[in-house]
Amino acid sequence: MPSRNVLSALAVLVLALAVVPMIGDKYWIKLATRMIVLGIFAMSLDLLVGYTGLVSFGHAAFFGLSGYVLHLVSPEDAAANMAWALPVCLGVTALAALVIGALSVRTKGVYFIMVTLAFAQMLFYFFHDSDLAGGSDGAYIYFKPILALGSVVLVDLGGSAVLFYFSLVSLIVLYAGLVMVLRAPFGKVIQGIKVNEHRMQALGFNTYLYKLVSFVIAGTIAGYAGFLFASIDGFVSPELLGWQESGIALVMVILGGMGTLFGPVIGAIALLGVEELFRDRALFGFIAAHWQILMGGFVICIVLFFANGLGGLLVKIAGRQSEER
Amino acid sequence: MTGPLIELRDVDAYYGSSHILHGLDLRLECGSCLSLMGRNGMGKTTTLKTIVGYVRPKRGSAYIMGRDASELATHDIAQAGIAYVPEDRAIFPNLTVTENLVMAARAGANGTRSWTEERVMTLFPRLAERRDHWGNHLSGGEQQMLSIGRALMTNPDVLLLDEATEGLAPLIREEIWSVISEIKSTGMSAIIVDKDAARLQDLCDQHMILVKGRAAFSGDRAALQNEPDILHRHLGI
């Protein structure tokens, strides 16, 4: 659990995000929504990488799969009702995570990385090469999901501000939920597994089952992020399941700081924010067209100078302030 | 349970191609305390690791509570009532003292929960003083206490202690020995590995001396006393 100072800093960050729809146009709202949704995605990966010690390189499989399921269950001429569409998306993602996890968590280290990557690429090529959902061209979700009770529409994710606030509330609820999970005995066991799996086995824990449960929880939350992400542009493509997407999520986790939950969210915000900055021609001239070079330098600097990422930096600053008081 | 709690029969164990245990036989009866003695590299730790299932015998067989250990995963062996306190203590640095204990809490194989957090804290008052300290903020002695306490929280029938007092200050060593003797008085069975042969002779009723993975001596206290030069020959004391 983060200290009071860190929580205060996070609250300020949330408030700063919350005013975006009030002061920014649609472009900025969309960018902020993407930051939050990718933050949820990265946070789910942190449960695996930072707490369970499982470095997955195929986490985007669940992110993209959920988006595709939303496309498949959405009627062409009407919005899908979240009351059933969301549980279907999460159910399919959880099932996929259970099947993939049941086989993957038997392996360790680099083999786990390769197996998760292989499964994600299998799903990537399934959607890429089949006509199920537009193949390599991707597919549109013409009407964004709504939450309706009878004929009364309670939430319409078609509105950019509505989607933004829905995502923000989701982030807060999921963060609080994961903190509770990590404080519960289950959370202590997976943290023990990360440090010394043999020891946990000798204490009588079936570590395979615990790792599998953690994998399914992380996959399902990634699926939730995928559902929201597909709702932003109303478009899904095989790239959502690709290894690049999994790699970006890992960069967000490392950039923000592993094993903090909030760090990867900061990592996602920083990565998208800095990308936006480096692409600005007014600021960076012709280099803006090659913003990836600048981004590479930025990531290297953070990793070299801030071992615990931006989240670690926040903890350090908050700690120093409390000492000064 | 009428038979031995732990039984190794003619066990050969390897690390890769290195042959460590050679036809080892070992029996631990209910309520008994067995000392494993020997110089470094003679196979004491490997014997304990074979019992908990970290190392699988290539030949021979192991029985835990009468069950064939080849069919049991390490967590099954632990759930059957075997608690292992490893040489490196393996405290979880990211958990507090209380969390290290509570996380391991479980009813024993017979369903009893006689060891609780409070009972462990009473046994080790130093741990009670450091309830909220992180695992990596403890001294070596405190870590050993926590490691023993954590093993007790699983309410085991057998305690396996590897190098119980190695590297600890004399006062802390005394404290640990006194606690081990208190635990033994509850009727718990134990296999203890340590360099302090004198203490082991006082505490344990069965003794085994390992030399190059073979049992150079195996017998009770009286048998050991009948061979006064055996400790000098194999342990250099």
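Somewhere in region B:210-217, is a residue within 17 Å of B:MET37 (Cβ to Cβ), in a helix (DSSP H, G or I) and open to solvent by 20 Å² or more (accessible area, probe 1.4 Å)? Give the derivation first.
Start the filter on region B:210-217 by keeping residues that are within 17 Å of B:MET37 (Cβ to Cβ), which leaves B:210-217.
This time we only want the ones that are in a helix (DSSP H, G or I), so: none.
The answer is no; no qualifying residue exists.
Report, by residue number, each residue of region B:149-204 that is open to solvent by 20 Å² or more (accessible area, probe 1.4 Å), assigned to a helix (DSSP H, G or I) and of a type in the set (A, V, I, L, M).
The answer is B:LEU171, B:ILE172, B:ALA198, B:LEU203.
I need the full set of residues from region B:45-73 which are closer than 14 Å to B:VAL85 by Cα and either over 14 Å from the mean Cα position of the chain (by Cα) or open to solvent by 50 Å² or more (accessible area, probe 1.4 Å) (or both), in order please.
B:LYS49, B:TYR54
Among the residues of region B:86-102, how many are over 19 Å from A:ILE190 (Cβ atoms) and either in contact with a Cys (Cβ under 7 Å, 6 or more places away or on another chain) or outside any helix (DSSP H, G or I) (or both)?
Qualifying residue count for the region: 4.
Quickly run through region A:235-281 and pick out the residues that are within 11 Å of the chain's Cα centre (by Cα) and not in a helix (DSSP H, G or I).
Once the filter is applied, which keeps residues that are within 11 Å of the chain's Cα centre (by Cα) and not in a helix (DSSP H, G or I), region A:235-281 yields only A:LEU261.
If you take the residues of region A:272-313 that are free of Cβ contacts under 8 Å to residues at least 60 places away in the same chain and within 19 Å of A:LEU45 (Cα to Cα), which of them is surrounded by the fewest Cβ atoms within 10 Å (Cβ to Cβ)?
Among those that are free of Cβ contacts under 8 Å to residues at least 60 places away in the same chain and within 19 Å of A:LEU45 (Cα to Cα), it is A:ALA307.
Within region A:27-84, can you find the residues that are closer than 30 Å to A:ALA118 by Cα and among the charged types (D, E, K, R)?
The answer is A:ARG34, A:ASP46.
Name the one entry in A:LEU182, A:LEU178 that is farther than 30 Å from A:PRO75 by Cβ and either within 14 Å of another protein chain (Cβ to nearest Cβ) or touching a Cys at 6+ places or on another chain (Cβ under 9 Å) (or both).
A:LEU182
Output the residues belonging to region A:46-95 that are over 16 Å from the mean Cα position of the chain (by Cα), in a loop (DSSP other than H, G, I, E, B) and of a type outside the set (D, E, K, R).
If the condition is that a residue be over 16 Å from the mean Cα position of the chain (by Cα), in a loop (DSSP other than H, G, I, E, B) and of a type outside the set (D, E, K, R), then A:GLY53, A:SER74, A:PRO75, A:ALA78, A:ALA79, A:ALA80 are the ones that fit.
Go through the residues of region A:217-231 one by one and say whether even a single one is within 14 Å of chain B (Cβ to nearest Cβ) and surrounded by 24 or more Cβ atoms within 10 Å (Cβ to Cβ).
No, the conditions are met nowhere in region A:217-231.
Residue check: is B:GLU227 among the acidic types (Asp, Glu), open to solvent by 20 Å² or more (accessible area, probe 1.4 Å) and under 29 Å from B:THR98 (Cα atoms)?
When the stated conditions are applied, B:GLU227 does not pass them.
Look at B:GLY41 and say whether it is over 29 Å from B:SER185 (Cβ atoms), open to solvent by 40 Å² or more (accessible area, probe 1.4 Å) and not acidic (Asp, Glu). Explain how you work it out, then say what you get.
Numbers: over 29 Å from B:SER185 (Cβ atoms): yes; open to solvent by 40 Å² or more (accessible area, probe 1.4 Å): yes; not acidic (Asp, Glu): yes.
Criteria met by B:GLY41.
Can you tell me which residues in region A:232-264 are aliphatic (A, V, I, L, M), open to solvent by 30 Å² or more (accessible area, probe 1.4 Å) and in contact with a Gly (Cβ under 9 Å, 6 or more places away or on another chain)?
Residues satisfying the conditions are A:VAL251, A:ILE254, A:MET258.
From the set of residues in region B:44-85 that are of a type in the set (Val, Ile, Thr) and part of a helix (DSSP H, G or I), which is nearest to the other protein chains (Cβ to nearest Cβ)?
This residue is B:THR74.
If you check A:GLY53, A:GLY64, A:GLY58, which single one turns out to be touching a residue at least 60 places away in the same chain (Cβ under 8 Å), within 18 Å of A:ALA249 (Cα to Cα), touching a Pro at 6+ places or on another chain (Cβ under 9 Å) and of a type in the set (Gly, Ala, Ser)?
The match here is A:GLY64.
Among the residues of region A:163-194, which ones are open to solvent by 60 Å² or more (accessible area, probe 1.4 Å) and out of contact with any helix residue (DSSP H, G or I) (no Cβ under 9 Å at 6 or more places or on another chain)?
A:VAL169, A:VAL173, A:ARG183
Here's a check for you: in region B:111-128, which residue that is β-branched (Val, Ile, Thr) and in a helix (DSSP H, G or I) is nearest to the other protein chains (Cβ to nearest Cβ)?
Ranking the candidates gives B:VAL120 first.
State whether one or more residues within region A:46-65 are open to solvent by 20 Å² or more (accessible area, probe 1.4 Å) and among the acidic types (Asp, Glu).
No, region A:46-65 contains no residue that is open to solvent by 20 Å² or more (accessible area, probe 1.4 Å) and among the acidic types (Asp, Glu).
Within region B:96-110, take every residue that is modelled with pLDDT of 90 or more and farther than 20 Å from A:LEU209 by Cβ and give me the one that is farthest from the other protein chains (Cβ to nearest Cβ).
Ranking the qualifying residues of region B:96-110, first place goes to B:VAL97.
Among the listed residues A:SER130, A:SER151, A:SER160, A:SER136, identify the single one that is exposed (fewer than 15 other Cβ atoms within 10 Å of the Cβ) and either touching a helix residue (DSSP H, G or I) at 6+ places or on another chain (Cβ under 6 Å) or under 12 Å from A:ALA79 (Cα atoms) (or both).
Checking each option against the conditions leaves just A:SER136.
Condition test on B:SER189, is it within 13 Å of the chain's Cα centre (by Cα), among the small types (Gly, Ala, Ser) and within 14 Å of chain A (Cβ to nearest Cβ)?
Judged against the criteria, B:SER189 is not a match.
All but one of (1) more than 29 Å from B:MET65 (Cβ to Cβ); (2) in contact with a Leu (Cβ under 9 Å, 6 or more places away or on another chain) hold for B:HIS232, so report the exception by its number.
Tallying (1) more than 29 Å from B:MET65 (Cβ to Cβ); (2) in contact with a Leu (Cβ under 9 Å, 6 or more places away or on another chain), B:HIS232 fails exactly one: (2).
Mind listing just one residue for me: the one in region B:16-43 that is in a loop (DSSP other than H, G, I, E, B) and farther than 15 Å from B:LEU5 by Cα and, of those, farthest from the chain's Cα centre (by Cα)?
The selected residue is B:SER17.
The values are calculated or read from the model by the stated rules, or taken from the named source; none is laboratory data. What you are looking at is a predicted structure, and each value in this text was computed from that prediction instead of being measured. When we count neighbours, we look across all protein chains shown, and the Cβ atoms used for this are built from the backbone with ideal geometry, even at glycine. The accessibility values were calculated without ligands, DNA or RNA, using every heavy atom of the protein model including side chains. Shrake-Rupley method; radii C 1.70, N 1.55, O 1.52, S 1.80 Å.
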